[in-house]
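A short worksheet on the structure shown next.
The values are calculated or read from the model by the stated rules, or taken from the named source; none is laboratory data. Nothing here was measured: the structure is a model prediction, and the numbers come from that model. Because the Cβ atoms are built from the backbone with ideal geometry, glycine has one as well, and the counts that use them run over all protein chains shown.
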Amino acid sequence: MLEVFVKTLPFFTLIGLGYGAGRSRLFSEEGTAQLTRFVFYFALSAMLFGFAANLSLAAIFDLPFVLAYLTGSTVVYLLATAVALARRRPMAEAAIEAQVAVIGNTGFLGVPMLVVLLGPAAAGPVLMVLAIDLIVFSSLITLIITATREGKLSWGIVGRLGGGLLRNPMIVSLGLGLVWAGTGWPLPGPVNDFMTLLGSAATPGALFAIGASLAARSAERMQVALWLSGAKLVLHPAAVALAALWLFPVEHAAASVMIAAAALPVAGNVYMLAQHYGVAPQRVSASILLSTLASILTVPLVIAWVSSF
């Protein structure tokens, strides 16, 4: 455990550095937004394209893996929804809380950290987790909130949803990388070097941006935020572990990556969705802050456990 904690410490120290820069105003909110935009559209996209283009489709897509992750995540998603509805919250708020409970910071934190800690073979499984989160659950919350507000589903909603997915640089870069991998051709040397160089900025940039963005987070609605953080950091990896290790025959190395990815703190893009739709942004913000702070201890614990597989 101590060895894993020491290995994860540089990642969380970078987050802490960004947090300190944000709190001290050495790094403004506008600067944080610009850095996040650079990482999202350029550095992280280059990293994802480089990983996908240098892998085979078989190394990324595995049906038992997909079923296990979807099953474990859906159980927690439905539980969080039920708890919110039992508190007499509207369906839109229940959907946001469910999103908090299952969507981890896979893009900005999981991809760079898990590949370093669990080895290059972790790239395929963690990219699969990211793709499921982006395509399935991000689409689901958009459909639920829009249908709740408009009272029905329409082809217009589906069209806007498809357009949103196609404008997401993470999905586009992953898709293009897989298309290239499908050709069987190696990336030309200069292209591969360019992607490596640009992608290498993703890890420090993303972690610093996470910390700087946390400096502006609110710690209101603590009771609900504590429940949602616990659901994300404990219930989600536990449910995914049960699904991957007992319900479906997922190879243990891939299962370990899936479980570690499920243990990541709440993703920042959930806050963007909450703010965009005007649904419980403070609750989401507090959950991101609490889960990220708690993950300094919980993530090394989970990684130490899955490393024994």
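Some values worked out for this structure:
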{"item": "Subset of segment 176-200 (residues that are without any contact (Cβ under 8 Å) to a residue 40 or more places away in the chain, assigned to a helix (DSSP H, G or I) and of a type in the set (Gly, Ala, Ser))", "result": "Gly189"}
{"item": "Single residue of Gly177, Gly230, Gly199, Gly205 found to be surrounded by 23 or more Cβ atoms within 10 Å (Cβ to Cβ) and not charged (D, E, K, R)", "result": "Gly177"}
{"item": "Segment 286-309 residues that are outside any helix (DSSP H, G or I), paired with ones that are crowded, with 22+ Cβ neighbours inside 10 Å (beta carbon under 8 Å, 6 or more apart)", "result": "Ser307/Ser256; Phe309/Ala255; Phe309/Ser256"}
{"item": "Matching residues in segment 239-274 - criterion: being surrounded by fewer than 20 Cβ atoms within 10 Å (Cβ to Cβ), of a type in the set (A, V, I, L, M) and in contact (Cβ under 8 Å) with a residue 12 or more places away in the chain", "result": "Leu242, Leu247, Ala253"}
{"item": "Subset tally (residues that are modelled with pLDDT of 95 or more, more than 14 Å from the chain's Cα centre (by Cα) and not polar (S, T, N, Q)) for segment 255-293", "result": "1"}
{"item": "Test for Val126: is it touching a strand residue (DSSP E or B) at 6+ places or on another chain (Cβ under 7 Å), more than 16 Å from Leu207 (Cα to Cα) and in contact (Cβ under 8 Å) with a residue 60 or more places away in the chain", "result": "no"}
{"item": "Residue satisfying all of: in segment 289-306; closer than 10 Å to Leu233 by Cβ and among the hydrophobic types (A, V, I, L, M, F, W, C); surrounded by the most Cβ atoms within 10 Å (Cβ to Cβ) among these", "result": "Val299"}
{"item": "Qualifying residue in segment 25-38 (condition: in a helix (DSSP H, G or I), closer than 21 Å to Ala209 by Cα and either among the basic types (Lys, Arg) or in contact with an Asp or Glu (Cβ under 7 Å, 6 or more places away or on another chain) (or both))", "result": "yes"}
